[in-house]
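**Student:** Okay, here's the structure, questions in a sec.
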Amino acid sequence: MGAWLVAALVAGEAFLLGAGITGRSDRVRLAPLVRGGALLSIGTLLLTGAIEWSPRYYAVIVWLVATTLLGLRRWSRRGQPVAGGRAIVVGLSTLLVTFLAASPILVFPEFSPILPTGELPVASSVRTIVDTSRVDPFSKHGRDRLLTIGIWYPVDSGATYPLVVFSHGAFGIRDSNVSLFTDLASHGYVVASVDHTWHSLFSTDESGHTVLIAGAYMRDVRAEDAGRDPERSFRLYQEWMGLRMADLDFVIDHILDHRGDPVFGLVDRSRIGLAGHSLGGAAALGLGRSRTDVDAVVALEAPFLADIRGVEDGHFIWDPDPYPTPVLCVYSDSAWGHLDEWPQYRGNLEVAREPISDTVHLEGVGHLHLTDLGLTSPFLTRVLNGHPSTGDAREALEVLNRHTVAFFDLHLKKTRESRGPFDG
């Protein structure tokens, strides 16, 4: 429906452009009729439920309202049509702006969300918490580190549930994997997804204040190249892991220390898991080594960056001790064929040989298909992955969610004595 709607809007503007080129005398009257008709059509589709109201329609509706009102004003004043070459320039410009205003409809098409597979009803909430023990390294005024977390949890009963804390990717957001969070909660988990302030594409706290990603951090991520400059990469890894692991550490402690909170009180303090995508997965893996009360880690295409201890002769030096925590590493086609080529992934090959490690390769999809972006914006996913994919985004997420739930069920819900091999 979205593509047809955008095509109709562009066709309407193309018709007006043609009217201007051919010199039709009634084109001043036609413009508000065409745009007003488009506005009425969108309103009808929304009211009848044929399309679902969302921010993807904001820009085009504002644009159509403005151009319709301007057209009616000009018509009422008996304005003369724009003539000659200027008519072509104005018509082409208007057509371009109309397409740009309507482009969110194409970039973020409507989709059916993945429904949770568990039996428990799920609710969600947001908390903004402050770590007074740390100064935010991005703050110009020496302020304490402020974090916002999204929480998904079972609506019920008085029971307690394992805690899973999630860390988003390099340019991600706390809502990056809502389908996974909801599925986990429906199976009896409390999931806390952290917005790493300044590392998140944007972070909106409880008061509605939004902080955008730090430009310097974004430039560092884009320029980092472990093969070309491992010394610089090592310094950046230490910086990124230091910040994110401290964030995750604080979030876990805060949740465990606030049992009086109606949501945090649902947490079984003895069962803790970590998960994350890409850079966030690397932070989860790092904390899975350093924190003894973490029982399991799920890493979505993430290298063991915190296990790098230095650089010698142009090569990373790795922590020689076995990884202590059960870990599920999930890969897409983006990294699967490069694990033995990319220097920062050598640790993944070593850990994959350990008996507590499990590996899943989702074939036919790319790096960002391990997040909900594969559903919410197929176009952006294709562009940002940098390569075409042959797999189905919905199916990939369903498989990812199923493996993650099965892995956490094995390691967070069963006693250590009763745990068998992972068969997700």
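The values are calculated or read from the model by the stated rules, or taken from the named source; none is laboratory data. Here the structure is a predicted model, which means the values were calculated and not measured. All Cβ positions, glycine included, derive from the backbone under ideal geometry; neighbour counts span all protein chains shown.
**Student:** Take Gly188 and decide whether it is in contact with a Leu (Cβ under 9 Å, 6 or more places away or on another chain), at positive phi and part of a loop (DSSP other than H, G, I, E, B). Talk me through it step by step, then tell me what you get.
**Tutor:** Details: in contact with a Leu (Cβ under 9 Å, 6 or more places away or on another chain): yes; at positive phi: yes; part of a loop (DSSP other than H, G, I, E, B): yes.
In short, yes.
**Student:** A follow-up question, please. Could you list all residues from the stretch 139-158 that are in contact with a strand residue (DSSP E or B) (Cβ under 9 Å, 6 or more places away or on another chain) and either part of a strand (DSSP E or B) or touching a residue at least 24 places away in the same chain (Cβ under 8 Å) (or both)? If you could, list the steps in order and put the result at the bottom.
**Tutor:** Filtering the stretch 139-158 for residues in contact with a strand residue (DSSP E or B) (Cβ under 9 Å, 6 or more places away or on another chain) gives 139, 142-155.
Those that are in contact with a strand residue (DSSP E or B) (Cβ under 9 Å, 6 or more places away or on another chain) and either part of a strand (DSSP E or B) or touching a residue at least 24 places away in the same chain (Cβ under 8 Å) (or both): Asp144, Arg145, Leu146, Leu147, Thr148, Ile149, Gly150, Ile151, Trp152, Tyr153, Pro154, Val155.
**Student:** Being over 17 Å from Val251 (Cβ atoms), more than 23 Å from the chain's Cα centre (by Cα) and surrounded by 13 or more Cβ atoms within 10 Å (Cβ to Cβ) is the filter here, so list the residues in the stretch 102-136 that pass it.
**Tutor:** Leu120, Val135
**Student:** So, one more: Which residues, counting only those in the stretch 113-138, are within 13 Å of Thr197 (Cβ to Cβ) and either part of a strand (DSSP E or B) or of a type outside the set (Phe, Trp, Tyr) (or both)? Can you show your working first?
**Tutor:** Looking only at the stretch 113-138, we keep the residues that are within 13 Å of Thr197 (Cβ to Cβ), and these are 128-131, 134-138.
Of everything in the stretch 113-138, those that are within 13 Å of Thr197 (Cβ to Cβ) and either part of a strand (DSSP E or B) or of a type outside the set (Phe, Trp, Tyr) (or both) turn out to be Thr128, Ile129, Val130, Asp131, Arg134, Val135, Asp136, Pro137.
**Student:** Taking the stated definitions as given, is Ser176 assigned to a loop (DSSP other than H, G, I, E, B) and of a type in the set (S, T, N, Q)? If you could, list the steps in order and put the result at the bottom.
**Tutor:** Values: assigned to a loop (DSSP other than H, G, I, E, B): yes; of a type in the set (S, T, N, Q): yes.
It is true that Ser176 is assigned to a loop (DSSP other than H, G, I, E, B) and of a type in the set (S, T, N, Q).
**Student:** Looking at the stretch 109-131, I want the residues that are farther than 16 Å from Trp152 by Cα and have a partner that is among the hydroxyl-bearing types (Ser, Thr, Tyr) and assigned to a strand (DSSP E or B) with Cβ atoms under 9 Å, at least 6 apart or on another chain. Which pairs are those?
**Tutor:** Ile129/Thr148
**Student:** May I pose another question? When you look at Leu384, is it assigned to a helix (DSSP H, G or I) and surrounded by fewer than 16 Cβ atoms within 10 Å (Cβ to Cβ), yes or no?
**Tutor:** Working: assigned to a helix (DSSP H, G or I): yes; surrounded by fewer than 16 Cβ atoms within 10 Å (Cβ to Cβ): yes.
Here the answer is yes, as Leu384 does meet what is asked.
**Student:** While we're here: Would you pick out the residues in the stretch 208-261 that are assigned to a loop (DSSP other than H, G, I, E, B), of a type in the set (Asp, Glu) and under 27 Å from Thr160 (Cβ atoms)?
**Tutor:** Taking the stretch 208-261 as the starting set, the residues that turn out to be assigned to a loop (DSSP other than H, G, I, E, B) are 208-209, 213-214, 224-229, 258-261.
Those still in the list that are of a type in the set (Asp, Glu) too: 224-225, 229, 261.
Correct list: Asp261 only.
**Student:** Just to be sure, is Asp183 acidic (Asp, Glu), closer than 27 Å to Gly310 by Cα and either touching a Lys or Arg at 6+ places or on another chain (Cβ under 9 Å) or not in a loop (DSSP other than H, G, I, E, B) (or both)? Break it down stepwise before answering.
**Tutor:** On the way: acidic (Asp, Glu): yes; closer than 27 Å to Gly310 by Cα: no; either touching a Lys or Arg at 6+ places or on another chain (Cβ under 9 Å) or not in a loop (DSSP other than H, G, I, E, B) (or both): yes.
It is false that Asp183 is acidic (Asp, Glu), closer than 27 Å to Gly310 by Cα and either touching a Lys or Arg at 6+ places or on another chain (Cβ under 9 Å) or not in a loop (DSSP other than H, G, I, E, B) (or both).
**Student:** From Leu201, Leu266, Leu285, Leu274, which residue is over 23 Å from Asp144 (Cα atoms), among the aliphatic types (A, V, I, L, M) and touching a Gly at 6+ places or on another chain (Cβ under 7 Å)?
**Tutor:** Exactly one of Leu201, Leu266, Leu285, Leu274 is over 23 Å from Asp144 (Cα atoms), among the aliphatic types (A, V, I, L, M) and touching a Gly at 6+ places or on another chain (Cβ under 7 Å), namely Leu274.
**Student:** So how many residues does the stretch 191-217 have that are at positive phi and in contact with a Phe, Trp or Tyr (Cβ under 6 Å, 6 or more places away or on another chain)?
**Tutor:** 1
**Student:** Could I ask something else about it? Against the condition closer than 29 Å to Val405 by Cβ and surrounded by fewer than 24 Cβ atoms within 10 Å (Cβ to Cβ), how does Gly188 come out, does it pass?
**Tutor:** yes
**Student:** Same structure, new question: Suppose we filter the stretch 241-256 for residues that are of a type in the set (A, V, I, L, M) and closer than 14 Å to Gly276 by Cβ; how many remain?
**Tutor:** Of the stretch 241-256, the ones of a type in the set (A, V, I, L, M) are 241, 243, 245-246, 248, 251-252, 255-256.
With closer than 14 Å to Gly276 by Cβ added as a condition, the list becomes 241, 243, 245, 248, 251-252.
Total meeting the criteria: 6.
**Student:** Additional query: Residues that are surrounded by fewer than 16 Cβ atoms within 10 Å (Cβ to Cβ): which strands (runs of 3 or more DSSP E) entirely in the stretch 264-381 hold 3 or more of them? Quick ask: steps written out before the conclusion?
**Tutor:** Details: elements: 267-277, 296-300, 308-312, 315-318, 327-331, 357-361.
Output list reads 308-312, 315-318.
**Student:** Let me ask you something else. Quick one: how many residues across the stretch 29-52 are under 19 Å from Ala7 (Cα atoms) and within 34 Å of the chain's Cα centre (by Cα)? Walk me through how you get there before you give the answer.
**Tutor:** Within the stretch 29-52, the subset under 19 Å from Ala7 (Cα atoms) is 30-46, 50-52.
Retained after the next criterion (residues that are within 34 Å of the chain's Cα centre (by Cα)): 38-46, 50-52.
Final tally of qualifying residues: 12.
**Student:** Still on this structure, I have one more. Looking at the stretch 168-192 only, could you name the residues that are in contact with a strand residue (DSSP E or B) (Cβ under 9 Å, 6 or more places away or on another chain) and among the aromatic types (Phe, Trp, Tyr)?
**Tutor:** Answer for the stretch 168-192, where residues must be in contact with a strand residue (DSSP E or B) (Cβ under 9 Å, 6 or more places away or on another chain) and among the aromatic types (Phe, Trp, Tyr): Phe181, Tyr189.
**Student:** Restricting attention to the stretch 156-184, which residues are modelled with pLDDT under 95 and small (Gly, Ala, Ser)?
**Tutor:** The answer is Ser157, Gly158, Ala159.
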